[in-house]
Amino acid sequence: MNIKQVVLTGLILFAVVICMPANVAVGQVGGFDPNQNNASAELFTRTDGGKIQAVIRIKIDKGWHLYGDDLGHPDAIGTPTTVTLGAEGVKWSKVVFPKPHRLPQKIAGPDVWINSYDGTILLYAVGEGSSQSVTAKIDAQTCSDTGSCMLYAESLKSLGRGDDALFAAFPAESSDSSPVSNGLAGWLALAFLA
């Protein structure tokens, strides 16, 4: 081994040792393992005339939570959940999320909180049009009660009509065709589906 090889080997080993703690830290809070999800989702759809009702059921592992589409407090730190529905020729309403929990987020400040969900939640949307093939893409972040966070992404295809109980609490439609909350009925249906 010549001097250049020894120096280069030394520099590489030095870089690996210096970067290793950063890699470990990123793994603990960044969630780059595509095989580890702390939530799972299913998409169900029903067509009635020229409208498609979509329900997404997300099951969040015990000891973990998922952030809402709106983080809540302006200083909250996290990745908001986004849901993109797809179907050729279909125009979708805004996805309706249930009422979130306000989770204290002391790392961001003493009075900071973030909108979050745990357990099983149902998301709703209405599509104008008709399609045999409905898909959904979820991009989110799950975090454990101990502070570890993982990126969560899942692509879904409709599993069909689903259980009647999923649609029993489907939000009523307002005159502008965007769903609105269905209050207590929605929460009761969710309690029986969890």
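Find out how many positive minus negative residues lie around GLY78, taking Lys and Arg as positive, Asp and Glu as negative, among other residues whose Cβ is under 12 Å from that of GLY78.
Surrounding charge for GLY78 is -3.
Here the Karplus curve 6.51 cos²θ - 1.76 cosθ + 1.60, taken at θ = phi - 60°, turns the phi angles of segment 83-91 into couplings of 10, 10, 8, x, 5, 4, x, 10, 9 Hz, with x standing for Gly and Pro.
How do the peptides 44-50, 77-83, 113-119 rank, highest first, by the average count of neighbouring beta carbon atoms within 10 Å per residue?
Packing proxy ranking, top to bottom: 113-119, 77-83, 44-50.
Summing Lys and Arg as +1 and Asp and Glu as -1 over all other residues whose Cβ lies under 13 Å from the Cβ of ASP145 gives a net charge of -1.
The Cβ shell under 14 Å around ALA165 holds other residues with a net charge of 0, Lys and Arg each +1, Asp and Glu each -1.
With both labels modelled 7 Å from their Cα along Cα-to-Cβ, the LYS106 to ALA172 distance reads 4.3 nm. Multiplying the residue separation of LYS94 and SER144 by 0.36 nm and subtracting their alpha-carbon distance yields 15.2 nm.
With contacts taken as Cα pairs under 8 Å and at least 6 residues apart, segment 117-172 reaches a relative contact order of 31 percent. First measure r as the distance between the Cβ atoms of LYS51 and LEU151, then evaluate 1/(1 + (r/R0)^6) with R0 = 30 Å and state the FRET efficiency to the nearest 0.05. About 0.35, to the nearest 0.05. Taking amide hydrogens as placed 1.01 Å from N in the peptide plane, the amide H of GLN105 sits under 5 Å from those of VAL112, TRP113, ILE114, each at least 5 positions away in sequence or on another chain.
Near ASP69, the amide H atoms lying under 5 Å from its own belong to THR81; only residues 5 or more places off or on other chains count, and H is placed 1.01 Å from N. Computed from backbone phi with θ = phi - 60° and the Karplus coefficients 6.51, -1.76 and 1.60, the 3J(HN,Hα) list for segment 70-82 is 10, 5, x, 4, x, 9, 4, 10, x, 9, x, 7, 10 Hz; x is used for glycine and proline.
We did not get these values from a lab; they are worked out from the coordinates using the rules stated. Keep in mind it's a predicted model, so treat the numbers as computed, not measured. Positions of Cβ are backbone-derived with ideal geometry, glycine not excepted, and every protein chain shown enters the neighbour counts.
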